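The values are calculated or read from the model by the stated rules, or taken from the named source; none is laboratory data. Source: prediction; values computed, not measured. With ideal geometry, Cβ positions are generated from the backbone for all residues, glycine too; neighbour counts draw on all protein chains shown.
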Amino acid sequence: MVVQLLACTPDAEDVVAAAAQLCYSASSISQILERGRSKKKALLEKIVSAGHFSVLEHASFTFGVEDISRACSHQLVRHRLASFSQQSQRYVSVVEKFGSVTPESISSHPDFRDRYAEFIRETQEFYREMLAAGIPAEDARFVLPNAVGTKLVMTMNARELHHFFRLRCCYRAQWEIRDMALEMLRLVRRKAPLLFADAGPGCLAGDCPEGAMSCGRMEQVREEFRQL
Ligand SMILES: Cc1cc2nc3c(=O)[nH]c(=O)nc-3n(C[C@H](O)[C@H](O)[C@H](O)COP(=O)(O)OP(=O)(O)OC[C@H]3O[C@@H](n4cnc5c(N)ncnc54)[C@H](O)[C@@H]3O)c2cc1C
């Protein structure tokens, strides 16, 4: 899996802090921006603790993601407030580079590791044969499994990212999308540490929201995200 931060709002923290301050100030935006820089940290902490989340929507982040499975991307695109551009299986036949993802539970399993690899190889062959016989890529792709690799560009604003991290950094999330969410969080924390200081699974902010399904490791999880 490759996750890159391709672009983001320049001075994202300053913009969000100015937007928050503007709501309560008679000063001009330039004055607010200038003054805001010095008290940005306190202001952003206050915004987040007060739940004034709409101002986070002024900062957006664009990621490039490669070598994830279609199983992962299918979960990803359920996040309706994000924008996506995903490699098409209609216009791009995956003959050249038939990437696929193998879960660790399978690659480490003595009985299934080889059968899985064989299944992927046979599927690839079948797919290629159909294309060679003139079946359009949009139809030949019906045999491709969830394991097949994909790539996409995705944009989320900081509010949606907080929501995404709450759901997808949790141990209840599927491992591949969780790995991806963790990498995204590392990247945005480096870029805008104040905006994402407390971002992560739901249990960072209080009780685990998963109830009976909780992993029961809240202390360990909180420590993990302090160290991230
Ligand atoms: C552990 C886990 C297990 C899951 N299992 C399943 C499953 O078995 N089956 C399944 O189908 N899905 C499953 N999902 C996906 C889940 O149901 C959501 O579709 C996905 O997490 C996106 O969440 P969302 O709708 O909150 O986020 P987004 O689409 O990113 O939306 C963000 C927020 O905006 C608001 N919003 C967005 N659109 C609307 C709208 N139309 N109306 C009102 N408010 C809106 C909501 O407050 C929403 O929380 C699972 C997710 C997780 C994390």
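Checking GLU45 against (1) surrounded by fewer than 17 Cβ atoms within 10 Å (Cβ to Cβ); (2) modelled with pLDDT of 90 or more, which single condition isn't satisfied?
The number of the failed condition is (2).
Suppose we filter GLU34, GLU66 for residues that are among the acidic types (Asp, Glu) and either modelled with pLDDT under 85 or over 30 Å from PRO136 (Cα atoms) (or both); which single one remains? Steps first, please.
Values: GLU66 fails: either modelled with pLDDT under 85 or over 30 Å from PRO136 (Cα atoms) (or both).
Every option except GLU34 fails the conditions.
Just to be sure I understand the filter: pairs with C-beta atoms under 7 Å, separated by 6 or more residues or on different chains, first member in the range 69-84 and within 19 Å of PHE98 (Cβ to Cβ) and touching a residue at least 12 places away in the same chain (Cβ under 8 Å), second member of a type in the set (Val, Ile, Thr) and within 9 Å of the ligand (Cβ to nearest atom). Which pairs pass?
CYS72/ILE177
Which of the residues spanning the range 114-164 are of a type in the set (S, T, N, Q) and not in a strand (DSSP E or B)? Show your work before the answer.
Residues of the range 114-164 of a type in the set (S, T, N, Q): 123-124, 146, 150, 155, 157.
Answer for the range 114-164, where residues must be of a type in the set (S, T, N, Q) and not in a strand (DSSP E or B): THR123, GLN124, ASN146.
Across the range 150-173, which residue is surrounded by the most Cβ atoms within 10 Å (Cβ to Cβ) among those that are over 15 Å from HIS79 (Cα atoms) and within 16 Å of the ligand (Cβ to nearest atom)? Show your work before the answer.
Here is the first cut: in the range 150-173, the ones over 15 Å from HIS79 (Cα atoms) are 150-151, 170-172.
Okay, now just the ones that are also within 16 Å of the ligand (Cβ to nearest atom), so 170-172.
On the way: CYS170: 22, TYR171: 18, ARG172: 15.
This residue is CYS170.
Please give the helices (runs of 4 or more DSSP H) falling wholly within the range 21-108 in which 2 or more residues are within 16 Å of the ligand (Cβ to nearest atom) and either of a type outside the set (D, E, K, R) or assigned by TED's automatic domain parsing to the domain that holds ALA158 (or both).
Details: elements: 29-38, 40-50, 70-76, 104-107.
The qualifying helices (runs of 4 or more DSSP H) are 70-76.
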